[in-house]
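FYI, it's all coordinate maths here, none of it is from the lab. Quick caveat: nothing in here was measured; it's all calculated off a predicted structure. Cβ coordinates were reconstructed from backbone atoms using ideal geometry, including for glycine residues, and neighbour counts include every protein chain displayed.
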Amino acid sequence: MKSKIDRVIEQYPASVFKNRKEHVLLRNTETPEPQTITANTRTIPGIITNRGCCYAGCKGVVLGPLRDALIITHGPIGCGFYTWGTRRNKGRTKGDEQNYLNYCFSTDLQEGDIVFGGEKKLRKAITEAVGIFKPQTIMICSTCPVGLIGDDINAVANWATKEYGIKTIAFSCEGYKGVSQSGGHHIANNGLIKHIIGTGDRAVGKYAINILGEYNIGGDGWEIERMLKKIGYDIVAPIPGDGTVEEMKSAHKADLNLIQCHRSINYIGEMLRTKYGTDWIKVNFIGVNSTIKSLRDIAKYFDDPDLTARTEAVIAEELSEISEMMDQYKKLCQGKTAALFVGGSRAHHYQYLLRDLGIETILAGYEFAHRDDYEGREVIPNIKEDGDSKNIESIEVQQDPKYYRVTLSQDRYEKLKEEISLNYYAGMMKDMPNGTIVIDDLNHYETEELLKILKPDIFCSGIKDKYIAHKAGIFSKQLHSYDYSGPYAGFRGAVNFARDITMGLTTPSWKFVTPPWKTEPMIEGSYVGR
Ligand code: CFM
Ligand code: HCA
């Protein structure tokens with residue numbers, strides 16, 4: 001019998017079939033050889049992908065959540081507008097801090113600027129922004145036309161730094177660079193480590209950590225911080241969700257980096273390790289059991305009986321608050337199935353939370369993840385060898401003897417490597433059972449077909465494909481923006497998610513998706529007029 005995957009992709013012309021075949025697999029946990037998948041390659045032109053662009057990954061994703069950076073989009077107004085607000089990265093000003101999250105700054109490039117050059121307009125925009133807002137940091141982000149016409153945003157940034165004495169950083173993240181958002185993450189990571197991290201000197205407390213790759217969508221980061229602070233961690237810098245440039249300057253002083261989203265921030269994690277000797281661990285605060293595991297893993301790193309006891313006390317307290325509610329929701333969700341298609345980490349993270357509710361994930365895929373996000377990798381290669389740093393500015397990372405510290409003995413390092421996967425992410429596939437489908441860069445045609453064949457009870461994805469599912473009568477939950485809800489992280493977040501999912505699954509609406517004329521005989525006639 002033909003596999004479900006073959007039935008979908010064999011409809012393609014031969015060359016497209018050959019290409020897509022490499023991006024899809026059926027999980028086989030019995031094979032001696034680890035399964036591999038092709039990822040982080042160019043989408044076939046003409047196919048309706050859900051991917052975004054390099055600028056979206058740099059400006060929208062990684063830099064956008066920083067509250068005190070005044071980010072100017074050098075480009076057409078649509079680019080700035082698209083990356084402003086829809087992602088629901090929340091921020092709250094503390095004291096007299098600067099906060100630009102409510103503003104969308106753009107040079108609004110017009111045809112005349114494309115013909116005659118846009119640098120003059122960019123200088124004018126900076127002058128205006130400085131006059132009105134007096135920011136401490138300005139970031140300039142390029143869009144496609146800027147690269148095509150050759151505006152030198154680095155020269156403008158240098159001019160602004162001299163002219164106004166304000167740190168101005170240029171990010172050459174033209175949309176067309178690379179194959180997806182992913183290249184933009186890398187460019188943003190490089191810029192932050194090159195220009196910001198390492199320039200501060202805040203005194204840090206005991207158990208000093210950074211939270212990397214948490215974007216505070218729907219308030220997730222706040223929920224994570226609440227738990228960590230309750231246990232007693234000193235959060236040096238949340239990077240970048242509800243974070244600031246000011247805090248990030250001292251990020252190199254933390255003892256440990258927690259990596260929530262590996263895909264978008266592993267570069268900073270690795271560069272901090274190379275340059276300052278800071279270890280990182282992959283955490284996942286989505287799901288009750290995964291939150292418990294993550295909290296225990298962090299405590300294991302510090303190996304302090306007091307901290308371990310506090311961790312267990314907080315876990316017990318939080319569980320007592322939510323267990324009854326989770327059990328109620330689980331009764332309604334148990335036995336359902338889900339298909340997940342999100343950017344580069346949530347398709348993995350949410351499998352844990354769904355499992356807490358008795359929901360099995362039968363298909364999971366990423367828009368723009370790399371092979372390591374699917375397969376894991378044994379040794380993390382030097383950052384400069386990473387696939388998508390080609391053609392992208394890369395910085396020299398050198399060990400700084402002043403900061404390099406080995407906090408762990410070799411024995412302990414080996415033990416932690418085993419127990420908490422220190423400096424290592426094992427990837428999504430190892431958590432997926434036999435017979436489930438893994439798919440990279442899922443497109444609209446495949447979504448429609450696979451939903452028909454697999455008939456999952458929930459399809460978790462983004463705004464671009466939400467309504468394909470709804471039209472097919474399948475409940476769809478956005479895992480990017482959370483459909484105006486959240487937080488979904490941590491213990492309390494799990495209850496919010498369970499409530500939203502249960503409502504979606506139990507609503508009678510899905511019964512009404514098929515219009516009556518498809519199932520009931522109707523009288524047909526024609527109107528001939530007067
Ligand atoms: Fe990381 Fe993200 Fe994601 Fe991502 Fe994104 Fe996002 Fe996402 Mo949308 S950083 S990879 S580039 S967890 S914006 S907060 S939801 S696709 S799965
Ligand atoms: C982006 C941002 C996005 C889009 C979400 C969606 C987000 O890729 O530029 O397609 O629903 O999370 O806001 O991923």
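Taking the Cβ of Arg355 as the centre, find all other residues whose Cβ is under 14 Å away and add up their charges (Lys, Arg: +1; Asp, Glu: -1).
0
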Net charge (Lys, Arg +1; Asp, Glu -1) of residues whose beta-carbon lies under 13 Å from that of Ile149, Ile149 excluded, is -4
Mind giving me the nanometre distance, one decimal, between the label points for Asp306 and Asn434, set 7 Å out from Cα along Cα→Cβ?
5.0
Show me the ranking of peptides 323-332, 362-371 by mean Cβ neighbours inside 10 Å, starting with the highest.
362-371, 323-332
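Taking the Cα centre of region 402-530 as the origin, how large is its charge dipole in debye, to the nearest 20, when only Lys and Arg (+1) and Asp and Glu (-1) carry charge on their Cβ atoms?
440
When DSSP beta bridges are limited to those with both residues in the chain, what percentage is antiparallel, rounded to the nearest 5?
Values: 5 of 49 bridges.
Antiparallel bridges: around 10 percent, rounded to the nearest 5.
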Given Lys452/Lys518; Lys230/Lys331; Lys90/Lys206, the pairs whose alpha carbons are separated by over 19 Å:
Lys230/Lys331; Lys90/Lys206
Determine the dipole magnitude for the chain: charges of +1 sit on the beta-carbon of Lys and Arg, -1 on that of Asp and Glu, nothing else is charged, the reference point is the Cα centre, and the result goes in debye to the nearest 20.
760
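Sum up the charges of everything whose Cβ sits under 12 Å from the Cβ of Pro433, counting Lys and Arg as +1 and Asp and Glu as -1, but leave Pro433 out.
That works out to 0.
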Over 28 Å between C-alpha atoms is what I'm after, so list which of Lys2/Lys293; Lys18/Lys511; Lys59/Lys124; Lys21/Lys330; Lys94/Lys417 land there.
Lys2/Lys293; Lys18/Lys511; Lys21/Lys330; Lys94/Lys417
Full-stretch length increase - Lys120, Asn289 - with 0.36 nm per residue and alpha-carbon distance subtracted:
55.4 nm
Could the peptides 235-245, 3-13, 484-494 be put in order, highest first, of the mean number of other beta-carbon atoms found within 10 Å of their residues?
235-245, 484-494, 3-13
Under the Karplus curve 6.51 cos²θ - 1.76 cosθ + 1.60, θ = phi - 60°, whole-Hz ³J(HN,Hα) for region 331-346, x wherever Gly or Pro sits:
4, 7, 9, 2, x, 7, 10, 9, 10, 10, 9, 9, x, x, 8, 5
Okay, helix-only estimate at 222 nm for the chain: each DSSP H run of n ≥ 4 adds -39500 (n - 2.57), divide by all residues, round to 500 deg cm²/dmol; what do you get?
-12500 deg cm²/dmol
So how far apart, in nm, are the two label points at Lys194 and Arg412 if each is 7 Å from Cα heading toward Cβ?
3.6
